Amino acid sequence: MKTTAVLSSNLQLPARSPVTTRSPDFIVLMKPRVMALAVFTAFVGMMIAPVDLDPFIGSVASLAIAAGAAAAGALNMWYDADIDAVMTRTAKRPIPRGTISRGEALAFGLALTCSAVVVLGIATNLEAAGLLAFTIFYYVIVYTVWMKRRTPQNIVIGGAAGALPPVVGWAAATGHIGLAPLVLFLIIFLWTPPHFWALSLNRAEEYGRAGVPMLPVVAGRTATTRQILIYSVLLVAVSMLPSALGFAGPLYGAIALVCGSIFVLLALRLHQSKGTNRQAAHRLFVFSISYLFLLFAALLTNSNGENRSAKLSLRDVRPSASVLAEELQCTRQTADRFTIVTASEV
C-alpha cells in the first residue's frame, strides 16, 4: 500500500509543470475580467473623492485592490472546483483541467489576500484595508461557501461584495465612507441580479446539474424575468441619484437616462418572452456589461464641480508658510484698491 502511494505520487510529479510555465493558468485563476471591472469601479471611487490623491499612492492602491479582487477569484475557484468541473462554461478553468491543484489555488488566494490588505493599509489607511479584507471575506465565505449553494437569492447576496470596490476606492482616498460611494455601491448592487440572471437563463440546465439553486432553476423562467425587470427599473431610478444629489453633471445624467432606458427595454422584451428567448437573454447580458462601464466612465468624466471645488479648498487650506506670507503681503498692498478680496481671487 505504501509503495503504491509513493509510485503514484512520483508518476504525478512530472505531469505538473513548474509554476513559471503555468502563469497563464494563474492569470485565469484570478478572473481577470471581473478583476478589471472591480479595479475600474474602485478607481472611479478614488477619482471622484473630494481630495487630491497622490498619483503614486493611487497607483499602489489600485494594484492592491486588483490583488484583492484576484484573491477573491482564486479562492472562489478553489472552493467551487467541484461544480466548475460539471458546467460547460467553467469546465476549462485551471483546476478542473488539472493544470493547477486546489491546494495551489488556496495558497495563491491566501497569499494574494494578505499582500493586498497589508499593502493597501500601508499605502493608504486602515479603513480602506479593513474594507478590502471584509470584501474578500464576504465574497469567499458568505457568498461562495455559505449562500451560493443554499438559496436562489445567492446572486443578490453575492452582489454586495461586487458592489464594494468603489467604496474601498473612496475610503483609500479619504479615510472614511461618504454618500457618493454608497450610491455607487447601490448601483452595482442592483445591476448584479439582472446581469447574472440573464446569463443563468441560458445556463439553467448546467446550474441544475451542478446543484446550484439559481433562480431560473428554482423559481422558473417567468419568475426570473419578472425579477430581472423589477431590478432593472430600480437600477435606472438609482442611477439618476448622482445627478439628483449633485455630484455628477448633466452629461452623466443624460447617459444614465439613455442607457437605463435601453436596459429596461431589453429587460421588458425578455420578460415578454417569459425567458424562452435565448437571444433576448444574451442581448441583455452583453449590454449590461457595457452599461456599467458607460455609467462609471460618464461619472468619471462628468463628476460635478462640487468635488473639484472641494479639492481646491482642501489644497488651499494647507499652503506653505512662504506662500501664505506672500499672499498676505499682496493683500496689504492692494487693500486701498479692493474693498473685498474673494476666495476665488486669492
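Expressed in nm to one decimal, what extension gain is obtained for the pair Lys92 and Arg278 from 0.36 nm per residue of sequence separation less their Cα-Cα distance? Display every interim value, and only then the final one.
Numbers: separation 186, 0.36 × 186 = 66.96 nm, distance 2.30 nm.
Additional length available on full extension: 64.7 nm.
Neighbour counts of other C-beta atoms within 10 Å: give me Trp170, Trp146, Trp197 arranged from fewest to most. Please list the in-between numbers first.
On the way: Trp170 30, Trp146 14, Trp197 26.
Ranking Trp170, Trp146, Trp197 by Cβ neighbours within 10 Å, fewest first, gives Trp146, Trp197, Trp170.
Give the relative contact order (percent, whole number) for the range 22-176; include only Cα pairs under 8 Å separated by 6+ residues. Working shown, then result.
Values: 225 pairs, mean separation 53.5, N = 155.
Reported relative contact order: 35 percent.
Using a Förster distance of 35 angstrom, determine the FRET efficiency expected from the C-beta separation of Ala223 and Ser59, and round it to 0.05.
Numbers: r = 45 Å, r/R0 = 1.29.
The formula returns an efficiency of 0.20 here.
Ranking Met214, Met147 by Cβ neighbours within 10 Å, fewest first, what do you get? Spell out each step's value before the answer.
On the way: Met214 23, Met147 17.
Arranged by neighbour count, lowest to highest, Met214, Met147 become Met147, Met214.
What distance in nm separates the two pseudo spin-label positions at Asn202 and Val118, each 7 Å out from Cα along the beta-carbon direction?
Between Asn202 and Val118, the label points sit 4.3 nm apart.
Going by the alpha-carbon gyration tensor, a ≥ b ≥ c the square roots of its eigenvalues, is the range 157-258 rounded (a/c under 1.5) or, if a/c is not under 1.5, prolate (a/b greater than b/c) versus oblate?
Because a/c hits 1.5 or more and a/b fails to exceed b/c, the range 157-258 counts as oblate.
Give the order of Arg33, Arg269 when sorted by the count of other beta carbons within 10 angstrom, beginning with the fewest.
Lowest count first: Arg33, Arg269.
Out of Ser273, Val236, Leu126, whose Cα points farthest toward the positive end of the dipole of the range 116-275 (charges: +1 Lys, Arg; -1 Asp, Glu; placed on Cβ)?
Ser273
Between Phe137 and Arg33, how many nm apart are label points set 7 Å from Cα along the C-beta direction?
The modelled label-to-label distance comes out at 3.1 nm.
At what distance in angstrom do the alpha carbon centres of the range 60-108 and the range 204-265 lie from each other?
Result: 27 Å between the Cα centres.
Given charges of +1 on the Cβ of Lys and Arg and -1 on the Cβ of Asp and Glu, with all other atoms neutral, how large is the dipole of the range 22-176 about its Cα centre, in debye to the nearest 20?
Here the range 22-176 has a charge dipole of around 680 debye.
Between Arg102 and Ala297, what length comes free when the chain is fully extended (0.36 nm per residue of separation minus the Cα-Cα distance, one decimal in nm)?
Residue separation times 0.36 nm, minus the Cα-Cα distance, leaves 66.5 nm.
Every number in this text was worked out from the coordinates using simple rules, so none of it is lab data. No experiment lies behind these values; they were computed from the predicted model shown. Cβ coordinates were reconstructed from backbone atoms using ideal geometry, including for glycine residues, and neighbour counts include every protein chain displayed.
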